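First comes the structure, then the notes that go with it.
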Amino acid sequence: MKKNIFLNSLINNEYTPSFLHNLFYFCFPLMNALVAYTINENDFVLSPERVMYWEKQKTLIIADLHIGKTGHFRKSGIPVPQNVFKEDLQRLFTQILFFKAEKLIIAGDLSHSKTNKEMDLFKKWRNDLDSLEMILVNGNHDILEKSWYKEMNIETKDCLDIGDFSFCHDPVDASIKDLVHYTFCGHLHPGISIRGRGRQFLQFPCFYFGNNIGILPAFSRFTGYVSVDAQKGENVFAIVENGIMQVQ
């Protein structure tokens, strides 16, 4: 396992609260850089970079990239650095190369709002990966003109079915046909809280896997979280800095 400089700096910092020391010492040995997960006899790999790789299909799966969100905030007078978006694109580029993905499925919210300068950056990024097949399952923020997706060579779907799996954006709209099909969604930006003593807690983005539905973490780091209420038999994997830890 690679040394986690961030966690070790916190553990060895005299100003770090005691409950964090206990939390990190407990959690860190259980974390992995990548986690294998099997659904319906298909093997997936979970990455702390907020992506999931489908080995059989050679496909990278993400949700909620929200291109243009930081630009939208800047236009409204909120000084969000453009580097936030650039780092997201670089992370995605690196994961595509790392897994040697031939296809990218985006489970909604590729964009955030109307077009802005960040779309030009994305266009350059897309041109560097012109051989990559891209499929967007439309989300509530995907309101750009159809001509833009055509120019970017991005296929769009309201719902996508591949074998025993389905993809949609909003879990509420997920069409669970039967117990054989499993649906992947985004939209919620799922998070999980890990509590210390008293009322102290930390919150992390997570992968959530229910019996018939999986909710992916928001790929963009410029998002908040909605806490998931996992039930017995469901699995949750927290993304903690550069590692993944199963918390249920």
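The values are calculated or read from the model by the stated rules, or taken from the named source; none is laboratory data. For clarity, every value in this text was computed on a predicted model and none was experimentally measured. A quick note on method: Cβ atoms are made from the backbone with ideal geometry, for glycine too, and the neighbour counts reach across all protein chains shown.
So in the range 220-237, with the set limited to residues that are at pLDDT below 95 and under 19 Å from I62 (Cβ atoms), which one is surrounded by the fewest Cβ atoms within 10 Å (Cβ to Cβ)?
Ranking the qualifying residues of the range 220-237, first place goes to G224.
Taking the range 133-168 as the search range and keeping residues that are of a type in the set (S, T, N, Q) and modelled with pLDDT of 95 or more, which one is nearest to H187 (Cα to Cα)?
T156
In the range 136-150, how many residues are closer than 23 Å to I162 by Cβ and over 20 Å from the mean Cα position of the chain (by Cα)?
3
Quick test for you: out of D130, D64, pick the one residue that is surrounded by fewer than 18 Cβ atoms within 10 Å (Cβ to Cβ), modelled with pLDDT of 90 or more and out of contact with any Cys (no Cβ under 7 Å at 6 or more places or on another chain).
Of D130, D64, the one residue that is surrounded by fewer than 18 Cβ atoms within 10 Å (Cβ to Cβ), modelled with pLDDT of 90 or more and out of contact with any Cys (no Cβ under 7 Å at 6 or more places or on another chain) is D130.
When you check F219 against the structure, is it in contact (Cβ under 8 Å) with a residue 12 or more places away in the chain, under 23 Å from A36 (Cα atoms) and in a strand (DSSP E or B), yes or no?
no
Of the numbered conditions (1) touching a residue at least 60 places away in the same chain (Cβ under 8 Å); (2) assigned to a loop (DSSP other than H, G, I, E, B), K232 satisfies every one except a single condition; which is it?
The one condition K232 does not meet is (1).
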